[in-house]
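Some notes on the structure that comes next.
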Amino acid sequence: MDAQGVASLFAEFARTASPRAPLYHRLATGIAADPELAGLLLSAPPMQRQPVLLLACVHDLLLAGRPDEGLARFYPDLAAAPDDGDPMPAFRAFATTHADELAELLVTRSTQTNEIGRCALLLPAFGIVADEVGALTHLDVGASAGLNLLLDRYQYRYVPGGELGGPSSVVLTCETRGRVRLPSALPRIVERIGLDRSPVDVDDHDAARWLLACIWPDQTDRIERLQAAIGIARATGVEVRPGDAALDTAALVLAAAGHPIVTTTWVLNYLSPTERRAFVDALDACGRRRDLSWVFAESPVLVPELPTVDARTSTTALVLVRWRKGHRTARHLAECHPHGYWLQWR
């Protein structure tokens, strides 16, 4: 891929980002028209050459307090009254001034999120399992910083449906559609362990800042709740172990003190088809030895290996998979927004 090819990626991203991220739409449009700026992305490894990586690297440097040549005034998370004019002159000046730092970040960083809004999707499924089996061991695969492991430390507002949990510095609001089965109380979680190829240490301020940098600056609500969740994690502690989904999940399941409930949320699309099949096979093997559950919010179109009721669903599917006495069943509970803004019960 050459600079012109990368520019076309920015043009496509600008088109899709327009309704959700006005600033990134303007920036991506400008970068698409400037092959030299677009070519900066060629410093990244081939599998990471996505427009959001360059934008996240710039965001990270701004969050770190680098001299910004006036660029920060366009960022809704950095300016009280963000400028809605043309950000490109300031962006070009910033990219030129910090070219070496950007090149290093593009080589060493990969986009990574820890979207805690997805906890609002997981909670109804957790309630179903907890009502059935009691105390749970939460095992989050692809856990990043492990913030979703703190599911029972957040407050939830389902509209309609009511509130659960709290008080908490993190309040997650989710629109419910259909007759969503909400739990009467937060589940009892007796053990929580995350697994990730590259765990994020919330006490490492550079690593935590990178999580914030990967959120689009227009989405200030996501940034604020992520900052609050990082604060909870630092205060309470959270365990995320380095490891491979297909190779290392089984040991955690078999050693779990409570009923093991494995979660994956927009993780499996980053694995190869072979790795995904190996992951499901590993859970099947565990299910022959002990009861367990798996709750996933994934895209069946992107990961057809999922044991889901309806693999044609084009949106994110929330599915509860159970192994009981060696027998596996899958219940497609809902469609949902990938960041947890709404939940459509089946």
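The values are calculated or read from the model by the stated rules, or taken from the named source; none is laboratory data. All of these numbers come straight from a predicted model, not from anything done at the bench. Every residue, glycine among them, receives a Cβ derived from its backbone with ideal geometry; neighbour counts consider all protein chains shown.
Worth a mention:
- Identity of the residue in the stretch 152-175, free of Cβ contacts under 8 Å to residues at least 40 places away in the same chain and not in a strand (DSSP E or B), that ends up farthest from P187 (Cα to Cα): P160
- Qualifying residue in the stretch 256-271 (condition: out of contact with any Asp or Glu (no Cβ under 7 Å at 6 or more places or on another chain), surrounded by fewer than 20 Cβ atoms within 10 Å (Cβ to Cβ) and either within 30 Å of S169 (Cα to Cα) or at pLDDT 95 or above (or both)): no
Residues checked against (1) within 19 Å of L292 (Cβ to Cβ); (2) modelled with pLDDT under 95; (3) of a type outside the set (S, T, N, Q):
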{"site": "D140", "(1), (2), (3)": "yes, no, yes"}
{"site": "V159", "(1), (2), (3)": "no, no, yes"}
{"site": "T173", "(1), (2), (3)": "no, no, no"}
{"site": "E191", "(1), (2), (3)": "yes, no, yes"}
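- Selected residue [touching a strand residue (DSSP E or B) at 6+ places or on another chain (Cβ under 9 Å) and closer than 19 Å to H339 by Cβ] from L172, L211, L186: L172
- Among the residues making up the stretch 108-154, those that are touching a Gly at 6+ places or on another chain (Cβ under 6 Å) and closer than 16 Å to W342 by Cα are G117, R118, A120, L121.
- Some residue of the stretch 176-190 being assigned to a loop (DSSP other than H, G, I, E, B) and either among the polar types (S, T, N, Q) or outside the structural domain of L122 (by TED's automatic domain parsing) (or both): yes
- Considering the stretch 152-176, and only residues there that are within 18 Å of the chain's Cα centre (by Cα) and among the β-branched types (V, I, T), the residue that is surrounded by the fewest Cβ atoms within 10 Å (Cβ to Cβ) turns out to be V171.
- Identity of the residue in the stretch 224-243, within 17 Å of the chain's Cα centre (by Cα) and surrounded by fewer than 19 Cβ atoms within 10 Å (Cβ to Cβ), that ends up nearest to L78 (Cα to Cα): E224
- Residue count for the stretch 7-23 under the criterion of being farther than 11 Å from L54 by Cα and surrounded by 14 or more Cβ atoms within 10 Å (Cβ to Cβ): the result is 10.
- With respect to the stated conditions, V253 fails to be assigned by TED's automatic domain parsing to the domain that holds D152, within 21 Å of the chain's Cα centre (by Cα) and not in a strand (DSSP E or B).
- Test: residue in the stretch 131-151 that is buried (at least 17 other Cβ atoms within 10 Å of the Cβ), touching a residue at least 12 places away in the same chain (Cβ under 8 Å), polar (S, T, N, Q) and in a loop (DSSP other than H, G, I, E, B): yes
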